[in-house]
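Have a look at the structure below before the remarks.
The values are calculated or read from the model by the stated rules, or taken from the named source; none is laboratory data. Predicted model only: the values in this text are computed from it and were never measured. Cβ sites come from the backbone with ideal geometry, for glycine too, and all protein chains shown count toward neighbours. These accessible areas exclude ligands, DNA and RNA; they are computed on the full protein's heavy atoms, side chains included. Shrake-Rupley method; radii C 1.70, N 1.55, O 1.52, S 1.80 Å.
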Amino acid sequence: MTIDEATGSLIGRAVKRTEDRRLLTGRGRFADDAAAIDALHCAILRSPHPHARIVRVDTSAARRLPGVVLAISGAEASEHWNRLPAAMDLMDMKLPSVYALATDKVHYEGEAVAAVVAETRYAAEDALAAIEVEYEPLPVLASVHDALGVDPFENPDGPWQPKTVLYEEWGHNVQCDWAFEIGDPDAVFATADHVVSCRPAAHRYSGVPLETRAVVAEYDAGRQSLKVRMSTQFPHQARTLIAAVLGLPEPSVQVVADDVGGGFGNKLQVDSEVIPTLLAVLTGRPVKWFEPRRDWLSSAPHSRDYAHHIQGAFDSDGRLLAVREHLVGDEGCDGAGRSAGLGALLVGGTYAPGPYDVRSYRTRVQAVVTNKAPYGAYRGYGKETANLAIERLMDTAAARIGIDPVEIRRRNLVREFPYEMSSGPILESGSFAECLEAVTEAMDLPALRRRQEEARAQGRHLGIGVISFLEPSAAAIPMSVFNGYESASVRITPDGQAMVLTGMQAIGQGVETALAQITADRLGMNTDDVRVVYGDTNAVPYGLGAFASRGATYGMSATHEAATQVREKLLKASANLLEANPDDLELGGGEVWVAGVPTKRITIADVAKAVYLFPGPYATLPGEPNPTLEGNYVWTNPNVSWAPDEHGRVRLYPAHGSGAQAALVEVDIETGQVSIEKLWVAHDVGKMINPGIVHAQIIGGMMQGLGGTMFEQLCYDDEGRLLTTTLNDYQLPNAMSAPPIEILHLETPSPVTPLGTKGVGEAGCIGTPSVLLSAVEDALRPLGVRVERTPLDPQRVRALVREAQNRVDGP
Ligand code: MCN
Ligand code: SMO
């Protein structure tokens, strides 16, 4: 941990989070806290069928109930709004054309079909039962197999024999089919010493923020303006999308997101959120909607649910020569229109070579639609998908070729930077090998191996997993609402305090503190002198919010550059006031002084007052084109490429963190119970602005990776019905399930960003599923068990053990 005590810099200090004062004392302001006078309450009726035609909806009985102001069906609503606009539209992907309230057909159990607004929430929820809907059930696509009729790994090109087609106009159930190849992989495979293959896969799970979706919408008929308070990670894109749905000019729509009770990628969409918004316009009264947890589980974005077929060609020394990767994702009803999970599959297909040097690569990504909830973003967004594929391949190869799993990684890691991956992205800098060594040293691998031997001798099953990981961050996805730029406006106010207006969104990850540190550091202030303003489209410049761990790249860089503009003007004005040369000035503690002449000094407050008012800019900043203490900057990344190259490759992510992880587990083969004794991680996200927050981000990400692997499951039955509808069925990890986690921080500054920063928000969850699978497989090695898929709940582990025992003993 580098803390620059000597220079007194605020960069690299574990400053306490400024936002925690209000959050820990219950003074946060979440969307549902907004006290709108005269507000109505919204409740949404959702489909009990996974796939059905809507024959008839009758809202008349509901409308007559006491307290009900309006009840509306999808068909009725369609006269007032437009279809949901697409979140992304690239790679020839197919886009469903649907409304936020279904009109003629439902595509999953939980799709919204009608809504009510009433004087109380009770009245609204109760009125749902009075809405009559007649459905005509249709055949259900409960799996990729139902949707394609063939095994995509055996018959990737079909002919497909779908059980039914979800969107008739597509003619099939494949939303996107993307492929490219470079370096003739088939030729390399034909002559390789070893060809290794495996089929890593993950089940369906997703984020469970404490705060579900929430909206408070107010329509001002006089000004024809709409104010939407909502829980979102991207207020500006939400404004764009809501305005498009309601057909309103964007300047008359204001989206406000104050505190957000967890985003985790799940709040990067506009879907049911527009329902209360429309109802506010139609009733002319404020409308509140706070989503029940059951609806969150059935209709907020789901994630993962994919399978790989990955093959590696290795030479006799375990050098990876070529990779062929095929990834198939079960996207539920949609991954690109109402929800944006399709991009995660593209990330999986792009980054499957991982942190390893491999020059021949073929990938194919097939995104398949089924009758399940929409497929959205969730912390990791395909980086963990890629990691699971390559890390399971590396372990499989190590066992097959007879090389130590750490050694095979060591031989293949990228060590020279910048490095252009065969799949396109540029790894601008990194320390994969250093992270791997750091982790194996911290865990004392030889000692653990000895312990494992002793345990095995006693019939106990200890397992050790070690993996590498790559964290792509700062997505810049063309033709989508996830572009790559960020805005900042930095101002010193006339009293000598500062404010940062950022397009970044606070979702719990600590942007307020980090941007205050950067600004205060540039302007010679304390963090308490800097207020960070975000989450109000009427206040801050258009920006893209929080996703893809992008803040450290775009948000911090834009803030740094805008603050630098202000710093220069501050020094210029101070020089004029002190009758000195700006180059001779120093800044700190809220003051400016002439170096070496401590008596010649002035407070920033006095400079600011002089610039703005007494005497004013003519005297203090003569000739300056923008003569106030304000700076504006939009930061873009030079390592982004927009159009696919001649091979069809794109660079969707321009920043890359490095890491390695290790796990020590013990498996009880009688019960299938996995105990995680300890986890280690070494990571490198470039320069850390706040090592305390980075540390916590890693832990949070790892716990979500652990939860997804061990506990959390969104289960559908064979008829497409969701079985896990409460937090009793959908189990989350808690403090009791948290093993000790040892974190080692390495810092290799990015050569691309002005502060050397890279993103960390998702780093913890990328390698955690892989390392747990690796460790459990290692524990069960004496039984010859291969562990390729999540989850690792006791039932599943027990089944693997039983299968292996039957193989050995005969059934
Ligand atoms: N940071 C730092 N130095 C760096 C990088 C980051 O000090 N080099 C610190 C900063 O305080 C920064 C924070 O870490 O505010 C996260 O930075 P970054 O990795 O850039 O991530 P974003 O600000 O873009 O946030 C989004 C990211 C994502 S994509 C998900 S998903 C996620 C995550 O953040 N969701 C979260 N972390 C979360 N944490 C909380 N508490 N809640 C969520 O919903
Ligand atoms: S899944 Mo994070 O919001 O990119």
Test item: Cα-centred dipole of region 542-668, Lys/Arg +1 and Asp/Glu -1 on Cβ, debye: 280 debye
Over region 269-389, equivalent-ellipsoid semi-axes from the Cα gyration tensor in Å: 40, 12, 11
Antiparallel %, DSSP beta bridges [both residues in the chain], to 5: 80 percent
Top positive-direction residue, dipole computed over the chain with Cβ charges, set Tyr381, Cys333, Ile131: Ile131
Peptides ranked, highest mean first, by Cβ atoms within 10 Å: ranges 604-617, 794-807: 604-617, 794-807
Under-5 Å amide H pairs with Ala340, H placed in peptide plane, nonlocal only: Ala377
Length released on extending from Arg451 to Ala738, taking residue separation times 0.36 nm less the Cα-Cα span: 101.1 nm
Accessible area of the chain divided out per residue, in Å², using a probe of 1.4 angstrom: 36 Å²
Within region 672-804, percent of DSSP bridges classed antiparallel, to nearest 5: 25 percent
Rounded to whole Å, sorted largest first: equivalent-ellipsoid semi-axes of the chain, Cα gyration tensor: 43, 38, 23
Normalised contact order of region 227-339, rounded percent, pairs of Cα under 8 Å and 6 or more residues apart: 21 percent
Helix-only mean residue ellipticity at 222 nm for the chain, each DSSP H run of n ≥ 4 adding -39500 (n - 2.57), per residue, nearest 500: -8000 deg cm²/dmol
Residues whose placed amide H lies under 5 Å from that of Thr757, excluding near-sequence neighbours: Lys687, Ser750
Exceeding the 22 Å Cα-Cα cut-off - candidates Lys267/Lys372; Lys16/Lys569; Lys267/Lys288; Lys383/Lys758; Lys267/Lys383: Lys16/Lys569
Evaluated over region 365-511, the Cα radius of gyration and Dmax, each in Å: 22.1, 74
Per residue Cα convex hull volume in Å³ - calculated over region 1-102: 297 Å³
Relative contact order [Cα under 8 Å, 6+ residues apart], region 688-763, whole percent: 38 percent
Whole-Hz couplings from phi, Karplus 6.51/-1.76/1.60, listed for region 492-500; x for Gly and Pro: 9, 8, x, 8, x, 8, 10, 9, 10
Charge context of Asp444, other residues only, Cβ under 15 angstrom, K/R +1, D/E -1: -2
Relative packing of 62-72, 640-650, 266-276, which averages over residues the other C-beta atoms within 10 Å, highest first: 266-276, 62-72, 640-650
Relative contact order [Cα under 8 Å, 6+ residues apart], region 470-574, whole percent: 36 percent
Calculated FRET value between Gln805 and Asp92, using beta carbons and R₀ = 51 Å, to 0.05: 0.60
Set of lysines with alpha-carbon distance to Lys572 below 22 Å, sequence-local pairs under 8 removed: Lys600, Lys609
3J(HN,Hα) from dihedral phi, region 332-340, Karplus parametrisation 6.51/-1.76/1.60, rounded to Hz, x for glycine, proline: x, 6, 5, x, 9, x, 6, 7, 10
Using a Förster distance of 41 Å, the FRET efficiency for Arg223-Asp495 (Cβ separation, nearest 0.05): 0.80
Cut-off 10 Å between beta-carbons: net charge of the residues surrounding Gly265, Lys and Arg +1, Asp and Glu -1: +1
Span-rule helices in the chain, defined as complete DSSP H runs reaching 24 Å or more along the axis (Cα) with Kyte mean at least 0.0: 691-710
Long-range amide H partners of Leu45 with built H, under 5 Å: Val113, Ala114, Ala115, Val116
Phi-based couplings in Hz for region 458-475 (Karplus 6.51, -1.76, 1.60; Gly and Pro marked x): 8, x, 9, 10, 8, x, 10, x, 9, 9, 10, 8, 10, 10, x, 9, 6, 3
